[in-house]
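These notes are about the structure you will find just below.
The values are calculated or read from the model by the stated rules, or taken from the named source; none is laboratory data. Computed from a predicted model, the values in this text were never measured in an experiment. Here the Cβ positions follow ideal geometry from the backbone for every residue, glycine too, while neighbour counts run over all protein chains shown. Surface accessibility is based on the protein's heavy atoms, side chains included, excluding ligands, DNA and RNA. Shrake-Rupley method; radii C 1.70, N 1.55, O 1.52, S 1.80 Å.
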Amino acid sequence: MVVQLGSRHILTFSAVISATICPSLAMAASQDESIIALRREMLEMRRQMSGEIQQLKARIVRDEGPGALRSSSLASRRQQVARAAAQPAPWSGPLPVIGDVEGASHPHGPRTDAETRTALSEGPIPSWAEFKAASEQDESVHIGGMRIGFPSGRPTIASDDKAYSFSVGLLAQEDIGGFVGSGPKPGETKGNFNNLTENARRLRLYFTWRYKDWVANVTPDFGSSSVDGTVGLFEANLNYTGFNHTTLTVGYFQPRGDEESAERSGAFEFLERPTIVDLVRNIAGGVARFSIGGEHYEDRWLVAGYFTGQKFGDRSKDTTITDSQTGGVLRVAGRPYVSKDIDLYVGGSATTAFKVNESSKGRQYTFSDNTEIPLGETSLLSSGALTDVAQIWAAGPELALRWRRFLLKGQYYHVGVQRDHSGTDPLPSLGFDGWYVAANYTLFGKPRGYNSKIAAFTTPGVEKDFDPAHNHWGALELSGRWSVTDLDDVPNQGGTGINGNQQTAWEAGLNWYPNRHIRFMLDYERFIISRSTGGSNKAINVLGRDGNAVVGRIQASF
């Protein structure tokens, strides 16, 4: 009886032990498996984080160089992070504008020389390294893997590594003015010389796509050299900037063959270039000329060369063209002497049209230009229509000297026109000449300075934006120019009764820059043009014309 009772107790005790301990053991085993799985997951996360850290280190080394991972650099980064963490919570209101903060008690440091100059959308095209450097200095906003900012003043969207980018630039020039005392003499018709009129001279939108050192430009132009209302193309080209200080270009482009052209149209001392420069640059260059070539610069010299074809739109203007033009442009420029107060510039250029467009009228070419005032006035200067043209070429030297705030420069061109000499009564070959001398003085602001990337003197510098309350007035310059273009060589140079004439222009100009993006110009011109015989405008200029013009320009450039 006792034994049986003990067995029952033992069985009962065993049942209780099994019911209480076994589930605990099972639960402990399950917890061990969870811990092991969690540890595995943590190890996997650590491995992934280690890989991402290595990728970030590689990107830092690629973008900033091996020195970025040194202990001193890392310590500096930790201090920057600590300072950022100590700052107040970010502002949740409207985003601040790019630029100086109004009412800031600690103004930004002084601008660099480049930052004071007028923003020129036409270049020079920065290399990929220069673009990255400009982007790093710019205040920008990051959205995902994109960076949105304003490097060099141009609205730009770029990938985080800056390999891809898209930017938009602007050049807007509106001219307002008219002619005084330019009425016709007895026996002449009046011509188009408005007392007061307006013209949108340049309305260009610069679209630029970049992949590293490859840059594509497309620039429509809604302005006009004479009368606005016609939409055209300024450029459409592909560029490579991977070689040091070199840009290679193919497509519709404007080869810069001299200092005046290299200045860019947003930086001219006057409304337009001297007439002789415009006539020469259009022989084988000019706006939207098909070009293959490039330029290379150093601190003291620049060389550029292009093989060129016809202009954009030539065949639509004359559908009878059966053989397109080919030509070339060459430029060499240097600075033989440079000091703090003196900058001496010497250059030379040459251009040639190996052959001009051949149409139903044969190979024909006409030199003609306005009075250097782009208000749609009648062109009085002309060589007459020159037929049987085999080749046209031009060459000449240029010289400039800056002494402190004073800049003096000039250029001479000789133009040669070779005829075909194939007929029974061949027309003579011709030689034309032209030159200009210009003087400039910066009244306040930084004086015009030499830009080695384009081998030209660019605009005055604005160290402090216009702010009368703090005695900041921007920059102001005064200029004067004398230019002569002679297109009269021999009697009957364009055929029986067709001759050329000569134009002389005296100009004075005042340009004010309230900041590096806005400019106001005021020009006065006195023009004297000898009589012309033959050609489409012979009735307008029978006895020779002269007159005056006063024109203002409002310019915005980004």
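Go through ASP546, ASP467 for me and flag whichever is closer than 22 Å to GLY187 by Cβ, open to solvent by 40 Å² or more (accessible area, probe 1.4 Å) and acidic (Asp, Glu).
Among ASP546, ASP467, only ASP546 is closer than 22 Å to GLY187 by Cβ, open to solvent by 40 Å² or more (accessible area, probe 1.4 Å) and acidic (Asp, Glu).
Any chance you could count how many residues in the range 366-381 are under 15 Å from GLY191 (Cα atoms), open to solvent by 20 Å² or more (accessible area, probe 1.4 Å) and part of a strand (DSSP E or B)?
The number of residues fulfilling the criteria is 1.
I want to confirm something. Restricting to the range 145-175 and keeping residues that are in a loop (DSSP other than H, G, I, E, B) and under 19 Å from SER121 (Cβ atoms), which single residue is least open to solvent (accessible area, probe 1.4 Å)?
Among them, the one singled out is ARG154.
Would you check which residues across the range 404-431 are in contact (Cβ under 8 Å) with a residue 60 or more places away in the chain, out of contact with any Asp or Glu (no Cβ under 6 Å at 6 or more places or on another chain) and open to solvent by 50 Å² or more (accessible area, probe 1.4 Å) and list them? Before the answer, list the steps.
Going through the range 404-431, the residues in contact (Cβ under 8 Å) with a residue 60 or more places away in the chain turn out to be 404, 409, 411, 413, 415, 427-428, 430.
Now narrow it down to the ones that are out of contact with any Asp or Glu (no Cβ under 6 Å at 6 or more places or on another chain): 409, 413, 415, 428.
The one that is in contact (Cβ under 8 Å) with a residue 60 or more places away in the chain, out of contact with any Asp or Glu (no Cβ under 6 Å at 6 or more places or on another chain) and open to solvent by 50 Å² or more (accessible area, probe 1.4 Å): PRO428.
Among the listed residues TYR306, TYR252, identify the single one that is assigned to a strand (DSSP E or B) and open to solvent by 30 Å² or more (accessible area, probe 1.4 Å).
Every option except TYR252 fails the conditions.
Only one of these is under 27 Å from PHE367 (Cβ atoms), in contact (Cβ under 8 Å) with a residue 24 or more places away in the chain, open to solvent by less than 10 Å² (accessible area, probe 1.4 Å) and under 34 Å from the mean Cα position of the chain (by Cα): GLU525, GLU507. Name it.
On inspection, the qualifying residue turns out to be GLU525.
Can you list residue pairs whose Cβ atoms sit under 6 Å apart, with the first residue in the range 158-187 being under 15 Å from VAL551 (Cβ atoms) and the second being open to solvent by 50 Å² or more (accessible area, probe 1.4 Å) and assigned to a strand (DSSP E or B)? Count only pairs 6 or more apart in sequence or on different chains.
These pairs meet every condition: GLU174/ILE554; ILE176/GLU198; GLY177/VAL550.
Of the conditions (1) outside any loop (DSSP other than H, G, I, E, B); (2) closer than 25 Å to SER483 by Cβ, VAL287 fails just one. Which one is it?
Single failed check for VAL287: (1).
For SER324, are the conditions met, namely being free of Cβ contacts under 8 Å to residues at least 12 places away in the same chain and small (Gly, Ala, Ser)?
no
Filter the range 352-365 for residues that are within 21 Å of PHE290 (Cβ to Cβ), open to solvent by 10 Å² or more (accessible area, probe 1.4 Å) and part of a strand (DSSP E or B) and give the result. Talk me through it step by step, then tell me what you get.
Residues of the range 352-365 within 21 Å of PHE290 (Cβ to Cβ): 352-359, 363-365.
Checking the rest, the ones that are also open to solvent by 10 Å² or more (accessible area, probe 1.4 Å) come to 352, 354-355, 357-359, 363-365.
THR352, PHE354, LYS355, GLU358, SER359, ARG363, TYR365, listed by residue number.
Give the residues of the range 432-452 that are of a type in the set (Phe, Trp, Tyr) and either surrounded by fewer than 21 Cβ atoms within 10 Å (Cβ to Cβ) or in contact with a Gly (Cβ under 7 Å, 6 or more places away or on another chain) (or both), sorted by residue number.
Taking the range 432-452 first, the residues of a type in the set (Phe, Trp, Tyr) are 432, 435-436, 441, 444, 450.
Hits for the range 432-452 are TRP435, TYR436, TYR441, PHE444, TYR450.
Considering each residue of the range 328-351, count those that are basic (Lys, Arg), surrounded by fewer than 21 Cβ atoms within 10 Å (Cβ to Cβ) and part of a strand (DSSP E or B), and give that number.
1
Inspect all residues belonging to the range 193-202 and state whether any of them is of a type in the set (A, V, I, L, M), within 26 Å of ALA353 (Cα to Cα) and surrounded by 15 or more Cβ atoms within 10 Å (Cβ to Cβ).
Checked against the condition, which is being of a type in the set (A, V, I, L, M), within 26 Å of ALA353 (Cα to Cα) and surrounded by 15 or more Cβ atoms within 10 Å (Cβ to Cβ), the range 193-202 yields no hits at all.
Output the residues belonging to the range 470-500 that are within 20 Å of HIS517 (Cβ to Cβ) and open to solvent by 40 Å² or more (accessible area, probe 1.4 Å).
Selection gives HIS470, HIS472, TRP473.
I want to confirm something. Restricting to the range 271-303 and keeping residues that are closer than 28 Å to VAL338 by Cα and among the aromatic types (Phe, Trp, Tyr), which single residue is surrounded by the most Cβ atoms within 10 Å (Cβ to Cβ)?
Selected residue: TYR297.
Would you check which residues across the range 207-249 are among the hydrophobic types (A, V, I, L, M, F, W, C), part of a strand (DSSP E or B) and within 13 Å of GLU295 (Cα to Cα) and list them?
LEU248
VAL277 - would you say it is in contact (Cβ under 8 Å) with a residue 24 or more places away in the chain and under 18 Å from the mean Cα position of the chain (by Cα)? Before you say what the answer is, go through the steps one by one.
Details: in contact (Cβ under 8 Å) with a residue 24 or more places away in the chain: yes; under 18 Å from the mean Cα position of the chain (by Cα): no.
When the stated conditions are applied, VAL277 does not pass them.
The conditions are (1) touching a strand residue (DSSP E or B) at 6+ places or on another chain (Cβ under 9 Å); (2) not in a loop (DSSP other than H, G, I, E, B), and ALA469 fails exactly one of them. Which is it?
It is condition (1) that ALA469 fails.
Take the range 110-140 and flag every residue that is outside any helix (DSSP H, G or I) and open to solvent by 70 Å² or more (accessible area, probe 1.4 Å). Don't jump to the end; show me each part of the working.
From the range 110-140, those outside any helix (DSSP H, G or I) are 110-112, 117-127, 138-140; that's our starting set.
Result: PRO110, ARG111, THR112, GLU139.
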